[in-house]
Amino acid sequence: MWSFILKRLAQGVITVWFIATATFFAMHNVPGDPLLNDRAMTAAIRANVEAKYGLDKPLGEQYVIYLGNLVRGDFGISFTQENREVNDIIREHFPVSATLGVLAVLFAAAGGVLWGALTALYRNRLPDYVIMFFVILGISVPSFVIAAVSQLALVGVNAALGVTLLPVAGWGTLWHMLLPALVLGMGTMAYLTRLMRSSMLEVISADYVRTAKAKGLPAARIFTKHQLRNAILPVITVLGPSIAAITTGGFVVELVFAIPGLGRYFVQAVQQLDYTVIMGTTVFYGAFLVFMVIVVDVLYGFIDPRVRMQ
Amino acid sequence: MSEQKDLLVVEDLNVEFDTYGGVVQAVRGVDFRVAAGETLAIVGESGCGKSVTVQSIMGLIPMPPGRITRGSARLRGHEILGQSRIDGREIRGAQIGMIFQDPMTSLNPTMTIGDQIAEPLQVHRGLSRADAAREAIRLLEVTRIPEAAKRAKQYPFEFSGGMLQRAMIAMAIACKPEILIADEPTTALDVTIQAQILDLLQELQAETGMAIVLITHDLGVVARMADSVAVMYAGKVVERGSVDDIFYRSAHPYTLGLRAAMPSNDPALKQSLQPIEGSPPDLFAPPPGCGYAPRCPHAMVVCESQPAETPLAGTGARDHAAHCWLHHDESPMKPAGLFFRESDASRNEKFEGGSAVEEGRNESRR
Ligand SMILES: Nc1ncnc2c1ncn2[C@@H]1O[C@H](COP(=O)(O)OP(=O)(O)OP(=O)(O)O)[C@@H](O)[C@H]1O
Ligand SMILES: [Mg+2]
């Protein structure tokens, strides 16, 4: 198990290095100039600023410096926000995005497993049809529509009740997080429900479930020990990519619900060609996702002995 | 032949399945009985309803699409169809154990072997986790799995097929059932392993006195294991009797056909294999008469239109019965190779002392 984890970690480091390299060269090849803005910029000032950011050095040298800083965990200074360190931006805003993301992933995973198992158990009966209708809705409607519509609905509900059931936007308490997290996790929940349904249907007719019945076990025990645990395996494998989908989807949801997450800064930075912020957040997100995928793999190993032993 | 002696009595069992193509009448009036401690073999070609029969008894038929439309199965006189407990005890797992054809897929891949064997012990006998785990190891030893304590902690993928079938057997006999149903337990295993598993079943039977219902395609396995035999064809039992009845006094043309299609490894009896021409009837619309009639070399007009209810009785040690019009009093012929009631006296002497199990050869008419 330990060698498995170490191997995955080593692979993760290589992946992150690859992401960092790709981002670096991509950034230096996009047209435009981060120093071009409305402020008057004389040649002298420009040279000064370029020297400050190391932009006057040859690209190869910049790359080496950049990697060296990365290893030390230093993402540099923002171009557009004077003297603000990228590390500070991440430190301040990432926890917000992460909380939202984690909550959304929990919603998606728990909901997907629950609804998926239900649809399989009630296959071709009313609960199956109803849930699958919402699943198709959840998969096909983009998250910004769901976000806006649910926000609108919440406004209506709050107005009708005359009290604030849940805050409509903003950040701070758990109550602020519920709706955005649910909206953010919705698409993934729908996708996981579908996956869980087919996996559960397969498991229901599996030979080992027949064996469990032949042993005379109570239905509840067959469900938890023999069906659920095996049916959940495919769901766990896609949990890694699902986390990626949810975190990237977070950018939009953060905007709609006015949540001070990292996503907003990222979008802003792209618009302003803020090299260091873009590279910093991209590499950071990349590393975070790689780490989550490894966590999921290890988790999978705990549930499926066949993976653990190899 | 008395009811008391019979542990399990199945009568007129009818099972059908709804499918997109219509209703499949998979089992159409199956009768058989199993005495305590004996081995009953159920033989017949693929699709004749062997698995459906035993799965109905075990309550393993998926409903829907399956349906038991008629019949009864009584364990020690208690009806068990549709029941989960009799005599205050769970039937499945506790009173009847079952093992399946493919041990590779019949065990839960994410649970240790030991835990899977311990499960019925905890559920049916109320053993504590620790006691059940200890008993599971003992059961693995009983089924001759080396290093049982270590093996109990392993997962199915770490076992070979033969070892898995041993573990399945350990699980099935954990609560000391009176009957073990084995649905083609060796079909998925290679030949040497097959023999070991069959030996194990026989040894366990000798130790525990449980009855075994063994489903197989292999008449060699029947000769080796069975006390009595039920021959199934197209959802019905066409002939039943002791193993000697079936091998030496075959009374149904289908039984004879099966025997002729069985390979013999005795060079002295060198004979070519004779496959049964044709294929079984469509169970969506089973024929009104004998299902075997279209393939039967001796079929008469009546065979096609009416089922033969004329059993041939009282020849061997147990009731020997064949559903075939040739045994009717007015039947115009008595084809060579088939056993007929009239010849009881003269033929029976010849078989005294001689056992089909040892000789396993075809009888020849003279
Ligand atoms: N779930 C099901 N749905 C529809 N038809 C079924 C179902 N299970 C079995 N059958 C039908 O019942 C018939 C008998 O099947 P069964 O599995 O009992 O045959 P078998 O004698 O065990 O054959 P084999 O030797 O191949 O195992 C077959 O025609 C099969 O198509
Ligand atoms: Mg079968």
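The values are calculated or read from the model by the stated rules, or taken from the named source; none is laboratory data. Treat the numbers as computed from the prediction; the structure is a model and nothing was measured. Neighbour counts are summed over all protein chains in view; Cβ atoms, including those assigned to glycine, are modelled from backbone coordinates with ideal geometry. What goes into the accessible areas is simple: the full protein's heavy atoms, side chains included, and nothing from ligands, DNA or RNA. Shrake-Rupley method; radii C 1.70, N 1.55, O 1.52, S 1.80 Å.
Which ones in the stretch B:222-250 are over 11 Å from the mean Cα position of the chain (by Cα), part of a helix (DSSP H, G or I) and of a type in the set (Val, Ile, Thr)?
Within the stretch B:222-250, B:Val243, B:Ile246 meet the criteria.
Against the definition (buried (at least 20 other Cβ atoms within 10 Å of the Cβ), at positive phi and within 16 Å of ligand 1 (Cβ to nearest atom)), how does B:Gly29 come out, yes or no?
No.
Take the residues of the stretch A:80-120 that are among the aliphatic types (A, V, I, L, M) and over 21 Å from A:Thr188 (Cα atoms): which is surrounded by the most Cβ atoms within 10 Å (Cβ to Cβ)?
If we take residues in the stretch A:80-120 being among the aliphatic types (A, V, I, L, M) and over 21 Å from A:Thr188 (Cα atoms), then A:Val86 is surrounded by the most Cβ atoms within 10 Å (Cβ to Cβ).
Which one is farthest from ligand 1 (Cβ to nearest atom) among residues in the stretch B:16-26 that are open to solvent by less than 50 Å² (accessible area, probe 1.4 Å) and touching an Asp or Glu at 6+ places or on another chain (Cβ under 7 Å)?
Within the stretch B:16-26, the first condition is being open to solvent by less than 50 Å² (accessible area, probe 1.4 Å), and the residues that meet it are B:16-17, B:22, B:24, B:26.
Narrowing further to those that are touching an Asp or Glu at 6+ places or on another chain (Cβ under 7 Å): B:24, B:26.
On the way: B:Val24: 5, B:Ala26: 3 Å.
Ranking the candidates gives B:Val24 first.
Taking A:Leu233 as the residue in question, decide whether it is within 21 Å of the chain's Cα centre (by Cα), open to solvent by 30 Å² or more (accessible area, probe 1.4 Å) and either within 14 Å of chain B (Cβ to nearest Cβ) or touching a residue at least 24 places away in the same chain (Cβ under 8 Å) (or both).
no
Considering (1) within 14 Å of ligand 1 (Cβ to nearest atom); (2) at pLDDT below 90; (3) open to solvent by less than 20 Å² (accessible area, probe 1.4 Å), say which one B:Lys50 fails and leave the rest.
(2)
Would you mind stating whether A:Leu228 is in a loop (DSSP other than H, G, I, E, B), more than 29 Å from A:His176 (Cβ to Cβ) and within 14 Å of chain B (Cβ to nearest Cβ)?
Working: in a loop (DSSP other than H, G, I, E, B): no; more than 29 Å from A:His176 (Cβ to Cβ): yes; within 14 Å of chain B (Cβ to nearest Cβ): yes.
So A:Leu228 fails the test.
When you check B:Arg67 against the structure, is it open to solvent by 70 Å² or more (accessible area, probe 1.4 Å), touching a strand residue (DSSP E or B) at 6+ places or on another chain (Cβ under 7 Å) and more than 15 Å from ligand 2 (Cβ to nearest atom), yes or no?
Against the criterion (open to solvent by 70 Å² or more (accessible area, probe 1.4 Å), touching a strand residue (DSSP E or B) at 6+ places or on another chain (Cβ under 7 Å) and more than 15 Å from ligand 2 (Cβ to nearest atom)), B:Arg67 qualifies.
Counting just the residues of the stretch B:80-94 that are open to solvent by less than 30 Å² (accessible area, probe 1.4 Å) and more than 9 Å from chain A (Cβ to nearest Cβ), which one comes out farthest from B:Gly126 (Cα to Cα)?
Checking each candidate, the answer is B:Leu81.
Looking at the stretch A:120-136 only, could you name the residues that are part of a helix (DSSP H, G or I) and either more than 26 Å from the chain's Cα centre (by Cα) or modelled with pLDDT under 90 (or both)?
Those that are part of a helix (DSSP H, G or I) and either more than 26 Å from the chain's Cα centre (by Cα) or modelled with pLDDT under 90 (or both): A:Ala120, A:Leu121, A:Leu126, A:Pro127, A:Asp128, A:Tyr129, A:Val130.
Could you tell me which residue of the stretch B:19-59 is farthest from the other protein chains (Cβ to nearest Cβ), considering only residues that are within 13 Å of ligand 2 (Cβ to nearest atom) and polar (S, T, N, Q)?
Among them, the one singled out is B:Ser46.
Name the helices (runs of 4 or more DSSP H) wholly within the stretch A:250-310 that hold at least 2 residues that are away from chain B (no Cβ under 14 Å) and open to solvent by 40 Å² or more (accessible area, probe 1.4 Å)? Steps first, please.
On the way: elements: A:262-271, A:275-303, A:305-308.
Filter on the stretch A:250-310 gives A:262-271, A:275-303.
Which ranges mark the strands (runs of 3 or more DSSP E) fully within the stretch B:7-77 that have 2 or more residues being charged (D, E, K, R)?
Because the criterion is at least 2 residues that are charged (D, E, K, R), the strands (runs of 3 or more DSSP E) in the stretch B:7-77 that meet it are B:22-35, B:66-75.
Of all residues in the stretch A:191-222 being away from every other protein chain (no Cβ under 14 Å) and surrounded by fewer than 24 Cβ atoms within 10 Å (Cβ to Cβ), which is farthest from A:Phe257 (Cα to Cα)?
Among them, the one singled out is A:Ser198.
Just a yes or no: is a residue in the stretch B:177-186 at the interface with chain A (Cβ under 9 Å from one of its Cβ atoms) and more than 23 Å from A:Leu228 (Cα to Cα)?
Step one: list which residues in the stretch B:177-186 are at the interface with chain A (Cβ under 9 Å from one of its Cβ atoms), which gives B:181.
So of that shortlist, the ones also more than 23 Å from A:Leu228 (Cα to Cα) come out as B:181.
Yes, the stretch B:177-186 has at least one match.
I'm trying to understand the selection: among the residues of the stretch B:203-220, which are away from ligand 2 (no atom under 16 Å from the Cβ), within 11 Å of the chain's Cα centre (by Cα) and open to solvent by 70 Å² or more (accessible area, probe 1.4 Å)?
none
At pLDDT 90 or above and within 14 Å of chain A (Cβ to nearest Cβ): does that describe B:Ser106?
Answer is yes for this residue.
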